[in-house]
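Data first, discussion second: the structure below is written as structure tokens.
Bear in mind these aren't lab numbers, they're just calculated from the coordinates by the rules spelled out. Fair warning: this is a prediction, and the values are worked out from it, not measured in the lab. Methodologically, a virtual Cβ is constructed for each residue, glycine included, from the backbone with ideal geometry; neighbour enumeration extends over all protein chains shown.
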Amino acid sequence: MTGGRVLVTGGLGFIGSAFVRRLAAAGGDPLVVDLETYAGDRRRLAAAADRAEVVVADVASPELDALVDRTRPELVVHFAAETHVTRSESGPDAFFHTNVEGTRTVLQAAAAGGVQRVLHVSTDEVYGPCPGAPFREDEKRPGEGLATSAYARSKALADDLALGFADRLDVVLVRPTNCVGPYQHPEKAMPRWTTRALTGRPLKVWGGGGQVRDWMWVDDAVDGIRTVIERGERGTAYNIGPAAEGVENLEVARLVAEAAGAGPESIELTAYDRPQHDVRYAVDVSRIGALGWRAATPLADAVARTVAWYRENDWWWQPLVAEAERIYAD
């Protein structure tokens with residue numbers, strides 16, 4: 001990775017903070033730009049506090065131009081996004097503001113500021129539901145394409161924006177699958193199931209639990225992102241995830257219950273289901289495999305390690321649970 005200054009947007013978030021911690025541990029001095037919403041938490045950077053500088057700012061604000069001009073980073077890693085599908089159902093405007101206009105502002109500031117490389121973090125949801133063979137990177141449709149939720153549609157538009165800058169900026173993209181690990185907000189499926197299991201509450205599984213997803217240990221995702229930063233081809237997108245390891249949500253909930261010491265009776269199939277709940281996501285990861293990367297952590301190990309961390313760190317998630325649970329209709 002570059003030895004120069006690295007600006008990380010969304011570096012107080014789940015995946016962004018994992019990247020910042022890794023960068024700081026390697027001797028880097030990351031500059032974190034984060035709006036510090038409910039999803040951004042400085043406690044995630046406790047281990048990097050002596051090396052990471054945090055600037056509170058909206059990535060869609062014009063002040064980003066001045067920040068890039070003043071600090072002159074060599075690399076920008078753009079994690080900042082609104083990411084929770086359930087929240088996007090009731091408040092889509094915030095998703096298009098941050099995910100589309102924020103990405104446009106980041107790219108424009110980077111181009112004007114002479115940034116050597118920008119890595120844009122997208123998502124496997126930009127492809128929409130997968131009816132057959134896992135999606136290759138060139139199968140993402142223009143614009144919103146087949147993406148369903150406001151989250152996925154806004155990220156699909158941002159994806160196109162990033163690739164559209166490749167003629168004037170060295171930009172690469174990653175499209176990760178679901179990530180799990182320490183410090184993930186309990187509004188998301190895996191930590192929600194985990195925190196409920198650890199507190200003796202039922203694990204709510206929607207729509208029969210047959211939806212298929214790929215799940216990846218967050219540090220594996222960080223390794224994939226670093227691989228693309230170092231070896232990725234300009235103007236190219238890379239799927240990041242386990243190779244053909246799609247698992248039904250119900251099976252993942254069972255793994256969580258087992259790791260938490262809860263019985264199968266703790267799993268509750270709900271009458272509620274998410275509107276337009278995509279049946280399956282699947283991506284082909286051969287392109288990043290050609291760069292020498294593969295996900296190293298099996299799903300069962302990722303679940304066990306996640307549950308163990310939440311069991312040992314209830315001081316972090318206990319204050320967040322009540323607000324997280326309020327957004328659900330199940």
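What does the charge count around PRO134 come to, taking other residues whose C-beta lies under 10 Å from its C-beta (Lys +1, Arg +1, Asp -1, Glu -1)? Walk me through the numbers before you get to the answer.
On the way: positive: ARG136, ARG280; negative: ASP124, GLU139, ASP214, ASP284.
Around PRO134, the charge tally is -2.
Is segment 15-107 rounded, prolate or oblate when judged by the Cα gyration tensor, a ≥ b ≥ c being the square roots of its eigenvalues, rounded requiring a/c under 1.5 and prolate requiring a/b larger than b/c? Write down the numbers at each step before the final one.
Working: a/c = 2.32, a/b = 1.35, b/c = 1.71.
It comes out oblate by the Cα gyration axes.
In the set (i) 38, 23, 18; (ii) 26, 23, 21; (iii) 30, 22, 19, which value of semi-axes √(5λ) of the Cα gyration tensor in Å was calculated from the structure you see?
Correct label is (iii).
Taking the number of other C-beta atoms within 10 Å as the exposure measure, put ILE225, ILE15 in order starting with the fewest. Each step should come with its number before you reach the end.
Working: ILE225 27, ILE15 23.
Lowest count first: ILE15, ILE225.
Straight-line reach only, C-alpha to C-alpha below 14 angstrom: list the aspartates and glutamates that LYS155 could link to, leaving out same-chain residues fewer than 8 apart.
Cross-link targets: GLU82, ASP93, GLU101, ASP124, GLU125, GLU144.
If you take every DSSP beta bridge whose two residues both sit in the chain, what share of them, in percent to the nearest 5, is antiparallel?
Numbers: 2 of 34 bridges.
That works out to approximately 5 percent antiparallel.
Going by average Cβ density within 10 Å per residue, which order do the peptides 86-99, 187-200, 145-158, 316-329 take, highest to lowest? Walk me through the intermediate numbers first.
Values: 86-99: 17.6, 187-200: 21.7, 145-158: 23.8, 316-329: 13.8.
My ranking of the peptides, most packed first, is 145-158, 187-200, 86-99, 316-329.
All other residues with a Cβ under 12 Å from the Cβ of ARG22 taken together, and with Lys, Arg as +1 and Asp, Glu as -1, what is their net charge? Don't jump to the answer; show the numbers that get you there.
Details: positive: ARG21, ARG51, ARG226; negative: ASP219, ASP220, ASP223.
Once all neighbours under 12 Å are counted, the net charge is 0.
If one computes the Cα centroid of segment 237-253 and of segment 29-93, what distance in Å separates the two points?
Here the answer is 27 Å between Cα centres.
Expressed in nm to one decimal, what extension gain is obtained for the pair ALA244 and HIS277 from 0.36 nm per residue of sequence separation less their Cα-Cα distance? It would help to have the intermediate numbers written out before the result.
On the way: separation 33, 0.36 × 33 = 11.88 nm, distance 2.06 nm.
Contour length minus Cα-Cα distance gives 9.8 nm.
What value, in deg cm²/dmol to 500, does the helix sum -39500 (n - 2.57) over DSSP H runs of n ≥ 4 give at 222 nm once divided by the residues of the chain?
On the way: 12 runs with 125 residues, N = 330.
After summing the helix terms and dividing by residue count, I get -11500 deg cm²/dmol.
On full extension of the chain, what length is gained from ALA94 through ARG70, given 0.36 nm per residue of separation minus the C-alpha to C-alpha distance? Write out the running numbers ahead of the final one.
Working: separation 24, 0.36 × 24 = 8.64 nm, distance 2.77 nm.
Difference between extended and current length: 5.9 nm.
Arranged by the count of other C-beta atoms within 10 angstrom, fewest first, what order do ARG70, ARG141, ARG226, ARG21 take? If you can, show how the numbers build up before the last one.
Numbers: ARG70 8, ARG141 13, ARG226 18, ARG21 23.
Ascending Cβ contact count within 10 Å gives the list ARG70, ARG141, ARG226, ARG21.
Counting Lys +1, Arg +1, Asp -1, Glu -1, what net charge surrounds LEU161 among other residues with beta carbon under 10 Å of its beta carbon?
On the way: positive: ARG104; negative: GLU101, ASP159, ASP160.
So the environment of LEU161 carries a net charge of -2.
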